[in-house]
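Enquirer: Mind looking over this structure? Questions follow.
Rule-based calculations on the coordinates, nothing more; no lab input. Note that the coordinates shown come from a computational prediction; the quantities given were computed from them, not determined experimentally.
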């Protein structure tokens with residue numbers, strides 16, 4: 001049986017797990033959309049001519065922005081921790 005004193009602990013652990021998951025998705029988003037394409041270019045694995053530099057830059061910035069938004073969402077979720 002769960003007593004009323006342990007309820008905030010359970011709630012806080014669930015909040016932390018959710019925030020951790022969202023932050024992990026944010027990190028994966030940045031790795032997928034920013035770091036991997038840059039690494040491909042550095043190591044000569046990109047398919048040249050298929051994407052303009054402007055399109056590449058905009059797509060990379062969009063992935064980076066999405067990752068940042070997800071990270072900030074995780075921080076927002078942590079705001080619901082109880083004392």
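Enquirer: Taking only the alpha-carbon atoms of segment 32-83, what semi-axes of the equivalent ellipsoid follow from 5 times the gyration tensor eigenvalues under a square root, in whole Å, largest first?
Expert: Those come to 34, 11, 5 Å.
Enquirer: Cut-off 10 angstrom, C-alpha nodes, Gaussian network model of the chain. Which of 29, 50, 20 fluctuates the most?
Expert: Looking only at 29, 50, 20, the biggest GNM fluctuation is shown by 50.
Enquirer: Let me know the whole percent of all Cα-Cα pairs from segment 11-59 that are separated by more than 19 Å.
Expert: 44 percent
Enquirer: Using Cα springs under 10 Å in a Gaussian network model of the chain, which residue among 22, 31, 42 shows the largest mean-square fluctuation?
Expert: Greatest mean-square fluctuation among the candidates belongs to 42.
Enquirer: Let me ask something else. Any idea what angle helix 7-30 forms with the longest principal axis of the chain, computed on alpha-carbon atoms, 0 to 90 degrees, nearest 10?
Expert: 0 degrees
Enquirer: Any chance you could run the full-extension gain for residue 18 through residue 76? It's 0.36 nm times the residue separation minus the Cα-Cα distance, nm to one decimal.
Expert: 19.8 nm
Enquirer: Then there is this: Pick from 58, 70, 45: which residue has the top mean-square fluctuation in a GNM of the chain where Cα pairs under 10 Å get a spring?
Expert: Looking only at 58, 70, 45, the largest GNM fluctuation is found for 45.
Enquirer: What percent does the relative contact order of the chain come to when contacts are Cα pairs within less than 8 Å and at least six residues apart?
Expert: Value for the chain: 56 percent.
Enquirer: Angle between the Cα long axis of helix 53-78 and the longest principal axis of the chain, 0 to 90 degrees, nearest 10?
Expert: The two axes meet at around 10 degrees.
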